[in-house]
Amino acid sequence: MLLGRLAVDKSAHGRHIGSGQLRDAVLRTVQAADAARPGSSSLDHWYRQRYHVNVANAGKILSRMRNNPRDWRIEDLKVLANRYGINHDQTGSHVTFRHPVVGRLTVPADRPIQPIYVRKFVQFVDSVIEEQQ
């Protein structure tokens, strides 16, 4: 895998755009490698494990979502859902997150997810955390 130099204009610093670019570049590279090797999703598994386990834990991801609800992908929401015991399923262009006590939330799987849906998801996760305590 060879990535070119990624850069963000100074006016966009502090908005996590560079990390989103890197995340997108790695994910696209992994998807291209998986497409080249049908029947194997080991690279996708490696990426998700490395990015979401070693780079950021669920608390950090949730904190970053609170601070900046822009430029998030549906995969990030699914990781948090898995960590907090929230079921999710994708039908078409939407993902529905379900919790037996808190209820459900449907989010369009557009890239990037609109900030209003990220805020609603953070509130949903906060309700689940509160329920678990």
Sequence-distant or interchain residues sharing an amide H contact under 5 Å with VAL95, placed H: which?
VAL107, ALA109
Added length on full extension, which subtracts the Cα-Cα distance from 0.36 nm per residue, SER63 to GLU75
2.7 nm
Tell me, what is a quarter of the convex hull surface for the C-alpha atoms of region 72-133, in nm² with one decimal?
3.6 nm²
For each of HIS94, HIS88, count neighbouring Cβ atoms within 10 Å of the residue's Cβ, then give the residues from fewest to most.
HIS94, HIS88
Label ARG28 and LYS120 with points 7 Å out from Cα along Cα→Cβ: what is the distance between them in nm?
2.9 nm
How high is the FRET efficiency from ARG111 to GLN133, r the C-beta distance, R0 22 Å, rounded to 0.05?
0.10
Any idea how far apart ARG83 and ARG98 come out in nm if each label point goes 7 Å out from Cα toward Cβ?
2.4 nm
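Any read-out appearing in this document is the output of simple, stated calculations on the displayed coordinates, not a laboratory observation. Source: prediction; values computed, not measured. As a convention, Cβ positions derive from the backbone with ideal geometry for all residues, glycine included, and neighbour counts pool all protein chains shown.
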